[in-house]
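J.: Handing you this structure, nothing more for now.
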């Protein structure tokens, strides 16, 4: 029997998505920006322009040399840097026979070279040559007609005079049978500045097209790909301008611009990526642009704000390091993350409202088809999550063992700040320095003994000279020192400070150099200068700086870690109303950081990766890197964790079982998490290709940790832990229920 429906009965309506949210600060801001889209964009562009123009107008206050002293070196550093020794800049010129034989300092070629050096513009004089024991090298000290100092005009004049010396050096080795090299504070500083400048330009030039290419693959459309990259770039530009203003409170360091670019491009692209992907997902469900923006703001926008707060807190941990460079990096990274968050919740909704559905134009045919080929659920992630959720205990154990194995080499991590000989061998001045220290060991590393009066009154020079004789007698027969022709005190113009250089025949980070430092500090210097009334003493230098900086890190690292962990847990509890989620995030992030430390140790304390990455192993990790990596990685890992857990929480609130919520949340966020990770890994990997060893280590450490975090942690550890916890994932003790909920 057939039943005929009345013709006037309306068809059954298609299911409609729930109404978009209207409450919460992030949603209200997004709705306002979308409704006043052109005004919002003008305000954002005006803010960026004002920041960069204003920052350029006020200039940047740099960290002064005296601000960096820590520990037992601090007093000696301050005394020496504030003293006026009336020392001119100087350059060392090394002359060797091209065939490796003996050098005749009386030959026409060598005497002509010495005469030309003396006649060069900006040269005050050339000392008699010092000949190596085997006679194969002659060293000329060329005094420049420029007083030593840190004034910009003095440094520019020294660089110009060093360039004149370089022209003579180049001519002296041209067709004369001689190999001539040059190194000095001015020439080396100029060469290294050029290396860092070239590295930064390379990173800038590569990070933009690489990020754009990845976004094209992710979105399959040019406008959608360009929006995150351009918004991230504008955030970096604005943060650099704002950092100039901030430098008058916390002086800036020379690597700040590189770090701001590194962090800004990574988080800026990621935040926009999260937002744009969710807005597109909601539009595909049938929502209009305004409603899709509102839902994206309530979900991804809120996740961006929570993540941004967590990242800012992590960066703030560097303030507890008690060192000028860390404090400068804290300010710069906090600014760029904060600006990226503001741009993501204000300018981005306006851009989405302006473009509407045109954001998916123009489409790249092949990439567009690939993007839509799996219906939004990557097959690879489904294949991984299946066995993980079926056997969570096995997956958890396997994942933990893998990360602990990666982290194990970090137990043997050695920290050291690179000296001149550790810098890139592509720099001619570094090559010359290595040759000089080989031929003349006393010209290499040295401890700087400082003697000064606290009130600035003149020292008793007779007493100091007598103490220097006593010190010289103590070190002359000790193989841990290279006293050469004997020690001598150099006095400041006002006579209140004396400096005694005590050479050692080792690299500055050699254990024997550290032993000799300890001997000077504990026994030799106090015993020698005990009779100099009213004077204080201290020992500084590269070795002392390494030792004291490591001591600072040992003291402050627990404080930094404790602060970051505590504050991050509080923020996550306020955001998710769950202590279990917060503790899980903290534990997983610690594992990611530890694994990154282990990989860093494996790569850079050994020589197997030298050919692959183009470096020479120093046998150590840069001293400041572990603390910096911890705060950066702990913050950046929150991007993924907050975003993924937010999607899981959505499923749980919708009535799904815990395992189904975990599976659905991770699969639905898999594409954006993978894309965000690829962006970060790509940008960080660019830094691993740069010439400076600190940039290489920073790039490898960050890239490795993000890769580990986005794969082992998010695909194995997080789902297995949440599956095992079940409903306990949302456990919140009663005392913590009094904490306010982080508004969204």
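The values are calculated or read from the model by the stated rules, or taken from the named source; none is laboratory data. It should be emphasised that the depicted structure is a prediction, and the values quoted were computed from it without experimental measurement. Every residue, glycine among them, receives a Cβ derived from its backbone with ideal geometry; neighbour counts consider all protein chains shown.
J.: With the condition kept exactly as written, say whether any residue in segment 282-291 is in a helix (DSSP H, G or I), assigned by TED's automatic domain parsing to the domain that holds residue 38 and crowded, with 24+ Cβ neighbours inside 10 Å.
T.: Within segment 282-291, not a single residue is in a helix (DSSP H, G or I), assigned by TED's automatic domain parsing to the domain that holds residue 38 and crowded, with 24+ Cβ neighbours inside 10 Å.
J.: Take the conditions touching a helix residue (DSSP H, G or I) at 6+ places or on another chain (Cβ under 8 Å), in a strand (DSSP E or B) and either crowded, with 17+ Cβ neighbours inside 10 Å or without any contact (Cβ under 8 Å) to a residue 24 or more places away in the chain (or both) and apply them to residue 93. Does it pass?
T.: Against the criterion (touching a helix residue (DSSP H, G or I) at 6+ places or on another chain (Cβ under 8 Å), in a strand (DSSP E or B) and either crowded, with 17+ Cβ neighbours inside 10 Å or without any contact (Cβ under 8 Å) to a residue 24 or more places away in the chain (or both)), residue 93 qualifies.
J.: One residue is enough: does segment 402-413 have a residue meeting the conditions in contact with a strand residue (DSSP E or B) (Cβ under 8 Å, 6 or more places away or on another chain), in contact (Cβ under 8 Å) with a residue 40 or more places away in the chain and under 21 Å from residue 625 (Cα atoms)?
T.: Within segment 402-413 (the criterion being in contact with a strand residue (DSSP E or B) (Cβ under 8 Å, 6 or more places away or on another chain), in contact (Cβ under 8 Å) with a residue 40 or more places away in the chain and under 21 Å from residue 625 (Cα atoms)), the answer is yes, since at least one residue qualifies.
J.: Considering only residues that are under 23 Å from the mean Cα position of the chain (by Cα) and crowded, with 23+ Cβ neighbours inside 10 Å, look in segment 580-590 and name the one that is farthest from residue 413 (Cα to Cα).
T.: 585
J.: Out of segment 339-367, which residues are part of a loop (DSSP other than H, G, I, E, B) and buried (at least 16 other Cβ atoms within 10 Å of the Cβ)?
T.: Across segment 339-367, the qualifying residues are 346, 364.
J.: Here is a further query. Residues that are free of Cβ contacts under 8 Å to residues at least 40 places away in the same chain and assigned to a helix (DSSP H, G or I): does segment 527-549 have at least one?
T.: There is no residue in segment 527-549 that is free of Cβ contacts under 8 Å to residues at least 40 places away in the same chain and assigned to a helix (DSSP H, G or I).
J.: OK, next. Return the residue satisfying two criteria in turn: it lies in segment 211-224 and is in a helix (DSSP H, G or I) and farther than 15 Å from residue 267 by Cα, and of such residues it is nearest to the chain's Cα centre (by Cα).
T.: So, considering only residues that are in a helix (DSSP H, G or I) and farther than 15 Å from residue 267 by Cα, the one nearest to the chain's Cα centre (by Cα) is 213.
J.: Looking only at segment 619-631, decide whether some residue is without any contact (Cβ under 8 Å) to a residue 60 or more places away in the chain, crowded, with 19+ Cβ neighbours inside 10 Å and farther than 20 Å from residue 329 by Cβ.
T.: Among the residues of segment 619-631, not one is without any contact (Cβ under 8 Å) to a residue 60 or more places away in the chain, crowded, with 19+ Cβ neighbours inside 10 Å and farther than 20 Å from residue 329 by Cβ, which makes the answer no.
J.: Hey, among 615, 604, 634, which residue is touching a residue at least 12 places away in the same chain (Cβ under 8 Å), crowded, with 20+ Cβ neighbours inside 10 Å and either under 30 Å from residue 305 (Cα atoms) or over 20 Å from the mean Cα position of the chain (by Cα) (or both)?
T.: 634
J.: Does residue 554 satisfy the criteria of being part of a helix (DSSP H, G or I) and surrounded by fewer than 22 Cβ atoms within 10 Å (Cβ to Cβ)?
T.: The answer is yes for residue 554.
J.: So the check is Cβ under 6 Å with 6+ separation or different chains; which pairs have a first residue in segment 231-250 that's outside the structural domain of residue 344 (by TED's automatic domain parsing) and part of a loop (DSSP other than H, G, I, E, B) and a second one that's at pLDDT below 95 and crowded, with 23+ Cβ neighbours inside 10 Å?
T.: Pairs that qualify, where the first residue is outside the structural domain of residue 344 (by TED's automatic domain parsing) and part of a loop (DSSP other than H, G, I, E, B) and the partner is at pLDDT below 95 and crowded, with 23+ Cβ neighbours inside 10 Å: there are none.
J.: Run down 48, 26 and say which single residue is at pLDDT below 90, touching a helix residue (DSSP H, G or I) at 6+ places or on another chain (Cβ under 8 Å) and in a helix (DSSP H, G or I).
T.: None of the other options fit; the residue is 26.
J.: Got a number for residues in segment 51-90 being surrounded by fewer than 21 Cβ atoms within 10 Å (Cβ to Cβ) and assigned to a helix (DSSP H, G or I)?
T.: Residues meeting the conditions: 15.
J.: Among the numbered conditions (1) under 25 Å from residue 97 (Cβ atoms); (2) in contact with a helix residue (DSSP H, G or I) (Cβ under 7 Å, 6 or more places away or on another chain), tell me where residue 219 comes up short.
T.: Here residue 219 meets the rest and fails (1).
J.: Right, something else. Using beta carbons and a limit of 7 Å, which pairs, at least six apart or on different chains, have the first residue in segment 485-513 and at positive phi and the second one modelled with pLDDT of 90 or more?
T.: Short answer, once both residue conditions are applied: 486/472; 495/458; 495/459; 495/461.
J.: From the list 163, 158, 138, 115, which one is in contact with a strand residue (DSSP E or B) (Cβ under 9 Å, 6 or more places away or on another chain), at pLDDT 90 or above and part of a helix (DSSP H, G or I)?
T.: Sole residue among the options that is in contact with a strand residue (DSSP E or B) (Cβ under 9 Å, 6 or more places away or on another chain), at pLDDT 90 or above and part of a helix (DSSP H, G or I): 115.
J.: Related question: Given the criterion more than 34 Å from the chain's Cα centre (by Cα), crowded, with 20+ Cβ neighbours inside 10 Å, at pLDDT 85 or above and not assigned by TED's automatic domain parsing to the domain that holds residue 228, identify the matching residue among 688, 705, 661.
T.: 661
J.: Let me ask you something else. When you check residue 643 against the structure, is it under 19 Å from the mean Cα position of the chain (by Cα), surrounded by 24 or more Cβ atoms within 10 Å (Cβ to Cβ), in contact (Cβ under 8 Å) with a residue 12 or more places away in the chain and in a helix (DSSP H, G or I), yes or no?
T.: no
J.: Same structure again: Among residues belonging to segment 488-505 that are surrounded by fewer than 22 Cβ atoms within 10 Å (Cβ to Cβ) and not in a strand (DSSP E or B), point out the one that is nearest to the chain's Cα centre (by Cα).
T.: By that ranking, first place goes to 505.
J.: Have a look at 542, 574 and point out the one that is under 25 Å from the mean Cα position of the chain (by Cα) and at pLDDT below 90.
T.: 542
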